[in-house]
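Since the structure comes first, as structure tokens, the remarks are kept for the end.
Since every read-out is calculated from the coordinates, none of them should be taken as a lab result. As the structure is a computational prediction, the values presented were derived from the model and not from experiment. Glycine also receives a Cβ, built like all others from the backbone with ideal geometry; neighbour counts cover every protein chain displayed.
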Amino acid sequence: MTRDGTASRAAATATVAGVEPGEPLLTLEHVSAGYGPFRAIFDVSFTLNAGEAIALLGSNGAGKTTIARLCSGLIAPTSGRVLLGGDDIGGRPANRIARLGVTQAPEGRSVFASLTVAENLALGFRATVGAKGVPGALDAAYALFPRLGDRRSQLAGSLSGGEQRMLSLARVLVHPPKVLIVDELSLGLAPIIVEEVYRNLATVKAKGTALLIVEQHVEHALALADQVVVLTRGEVSYDGPVLSLEQLTEHLLPTAVPEPLASELESG
Ligand SMILES: Nc1ncnc2c1ncn2[C@@H]1O[C@H](COP(=O)(O)OP(=O)(O)OP(=O)(O)O)[C@@H](O)[C@H]1O
Ligand SMILES: [Mg+2]
């Protein structure tokens with residue numbers, strides 16, 4: 001299999017069977033969830049279409065990470081449904097959801113410290129493409145993140161934090177899933193690396209991967225998004241087309257203004 005062949009096969013399998021780009025792929029239907037007796041999200045509904053991207057926004061504690069975890073199977077809904085191409089995947093174990101093509105980008109530094117960069121990548125690729133596919137996949141990873149190519153023989157444990165994040169991301173991005181969930185991907189990364197990471201997200205989106213993006217640097221998420229969902233205290237307060245930062249601030253404002261001040265503003 002040529003490298004081109006591998007890439008086009010990945011693109012061709014990038015949508016759930018029977019789901020065309022622009023059609024509903026991942027749907028939350030009246031989903032509530034929480035931690036023990038605590039309800040973090042209430043009656044949340046939205047749809048991510050195949051090949052598109054949603055920027056999921058909201059203030060701290062609004063429930064964004066909870067939704068990311070729900071979609072990747074790390075927590076189960078207490079009510080409502082999580083549909084992937086029509087199948088209810090809510091509450092299924094994360095490894096089974098990953099096999100269906102929904103992956104959450106690894107947070108932090110999920111690498112094997114005592115293995116080299118190349119060994120870390122090869123380990124992941126052997127599982128996804130088999131031994132024969134490893135050389136091509138390595139080339140693709142180094143094309144995505146040239147910095148990793150420069151350091152291919154270096155022990156992963158001695159990489160910088162940002163480089164370790166690139167390494168764990170490269171394993172996902174070379175063979176992008178149907179749905180990729182990213183939660184605060186840029187946290188702690190230098191701006192130049194954030195640019196590189198988002199350039200690569202744009203590439204996987206162009207190849208057909210649908211993205212659910214949670215990002216403090218809102219402008220990065222908005223640049224890729226086809227749709228915006230705003231959460232306010234666990235509930236959807238906006239679901240629609242991409243807004244300007246100015247319009248968004250208005251939607252996010254009620255959560256940022258303390259209650260007494262908000263009612264004063266209203267009455268004044
Ligand atoms: N493991 C947990 N146990 C109990 N409560 C939790 C747990 N994780 C999150 N919560 C609570 O659930 C609510 C939603 O949290 P979540 O992490 O989804 O918010 P978030 O929108 O991702 O916030 P941030 O922008 O700060 O990351 C918060 O009130 C939080 O305190
Ligand atoms: Mg969070």
- Query: Among S168, S186, S114, which one shows the biggest mean-square fluctuation in a GNM of the chain, springs joining Cα atoms closer than 10 Å?
  - Reply: S114
- Note on the structure: Nearest 10, in degrees from 0 to 90: the angle of helix 161-173 to the longest Cα principal axis of the chain is 80 degrees
- Go through A143, G36, A94 and say which Cα lies farthest out towards the positive end of the charge dipole of segment 35-185; charges sit on Cβ, +1 for Lys and Arg, -1 for Asp and Glu. A94
- Task: Run down the lysines and flag those whose C-alpha is under 16 Å from the C-alpha of K205, throwing out any fewer than 8 positions away in its chain.
- Result: K178
- Query: Relative contact order for the chain using alpha-carbon pairs under 8 Å, separation at least 6, rounded to a whole percent?
  - Reply: 25 percent
- Note on the structure: Rg (one decimal) and Dmax (whole number) from the Cα set of the chain, in Å, equal 19.3, 70
- Message: What distance in nm lies between label points placed 7 Å from Cα along the C-beta direction at R152 and T249?
- Response: 4.8 nm
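To the nearest 0.05, what FRET efficiency results for K207 and R99 with a Förster distance of 22 Å applied to their C-beta separation?
0.65
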- Springs between alpha-carbon atoms under 10 Å, Gaussian network over the chain: tell me which of T249, T47, T203 tops the mean-square fluctuations. T249
- Furthest towards positive pole of dipole, P177, L189, L48, structure part the chain, Cβ charges: P177
- Return the sequence-ordered ³J(HN,Hα) values of segment 95-102 in whole Hz as given by the Karplus equation 6.51 cos²θ - 1.76 cosθ + 1.60 applied to θ = phi - 60°, using x for Gly and Pro. 5, 6, 5, 4, 5, 7, x, 10
- Note on the structure: Along the dipole axis of segment 196-237 (charges at Cβ: +1 for Lys and Arg, -1 for Asp and Glu; origin at the Cα centre), the most positive-end residue among A210, L222, V236 is A210
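Relative to the Cα centre, what is the charge dipole magnitude of the chain, using +1 at the beta carbon of each Lys and Arg, -1 at the beta carbon of each Asp and Glu, and rounding to the nearest 20 debye?
So the magnitude is around 1500 debye.
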- Message: How tilted is helix 117-144 with respect to the longest principal axis of the chain? Cα atoms for both, answer in degrees (0 to 90, nearest 10).
- Response: 80 degrees
- Task: Give me the percent of DSSP beta bridges within the chain that run antiparallel, rounded to the nearest 5.
- Result: 55 percent
- Query: Cα extents of segment 100-154 along the three principal axes, largest first, in whole Å?
  - Reply: 33, 29, 21
